């Protein structure tokens with residue numbers, strides 16, 4: 001377990017990266033959706049294992065993670081519309097669980113005195129998870145307030161195809177917003193959607209500034225400070 005703790009953020013980053021790469025290729029296939037659910041389940045399990053701050057946080061992370069995994073599989077095996085309560089609950093639970101994961105990840109990186117490869121990949125994983133969180137939030141807003149976002153004409157067929165396609169496009173919009181890249185193909189229309197978009201752009205800039213400072217500080221401490229054994233968090 002000590003070996004896994006030294007590389008747990010690397011595992012988290014790889015699982016999330018695999019899920020992100022798989023997703024756009026499997027949207028139109030039933031079997032492909034199952035592959036994506038498997039990838040997301042592995043990512044959620046890695047996220048659960050990365051929350052090792054204290055017992056109550058482990059318990060909360062375990063409960064939320066298991067519920068998130070269960071709802072993903074329930075959505076896969078129960079075809080058709082699940083109702084707004086199910087969809088809002090599923091997205092809300094995932095947002096809460098992933099937010100806890102990011103907070104614990106950032107705390108763990110700040111605690112580490114050495115800037116290791118695992119810490120750097122953990123910082124990347126946190127950045128990607130933030131994009132996922134905001135993508136889920138945008139999907140929740142669009143679900144509760146249809147028309148909160150507007151897709152350009154070339155994207156309308158995909159936007160209207162299914163909720164999975166729309167969620168994928170809003171995840172793409174989230175990544176663009178987090179990196180402050182504006183293509184104009186998806187536009188927030190309602191005030192709530194515009195406000196959340198601005199908050200995400202600010203979050204992305206603050207996260208990079210804070211984490212880069214932390215990693216640089218850890219590297220300086222590692223170079224000029226006394227040698228210390230890295231904790232397993």
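The values are calculated or read from the model by the stated rules, or taken from the named source; none is laboratory data. These numbers were taken from a predicted model, which means no experiment stands behind them. Cβ sites come from the backbone with ideal geometry, for glycine too, and all protein chains shown count toward neighbours.
Are any residues in the range 46-56 assigned to a helix (DSSP H, G or I) and without any contact (Cβ under 8 Å) to a residue 40 or more places away in the chain, and if so, which ones?
Just the residues of the range 46-56 that are assigned to a helix (DSSP H, G or I), to begin with: 46-50, 55-56.
If the condition is that a residue be assigned to a helix (DSSP H, G or I) and without any contact (Cβ under 8 Å) to a residue 40 or more places away in the chain, then 46, 48, 55, 56 are the ones that fit.
Look at the range 161-180 and say how many of its residues are at pLDDT below 90 and out of contact with any helix residue (DSSP H, G or I) (no Cβ under 8 Å at 6 or more places or on another chain).
Here the count works out to 2.
For (1) in a loop (DSSP other than H, G, I, E, B); (2) without any contact (Cβ under 8 Å) to a residue 40 or more places away in the chain; (3) closer than 20 Å to residue 106 by Cβ, each residue gets a yes or a no:
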position	(1), (2), (3)
32	no, yes, no
36	no, yes, no
39	no, yes, no
44	no, no, yes
58	no, yes, yes
64	no, yes, yes
73	no, yes, no
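Looking at the range 103-120, which of its residues are surrounded by fewer than 20 Cβ atoms within 10 Å (Cβ to Cβ) and within 18 Å of residue 206 (Cα to Cα)?
103, 106, 107, 110, 120
Those residues that are assigned to a helix (DSSP H, G or I) and on the phi > 0 side of the Ramachandran plot, I need them from the range 81-101; list them, please. Lay out the reasoning, then the answer.
Filtering the range 81-101 down to residues assigned to a helix (DSSP H, G or I) leaves 84-101.
None - no residue of the range 81-101 is assigned to a helix (DSSP H, G or I) and on the phi > 0 side of the Ramachandran plot, so the list stays empty.
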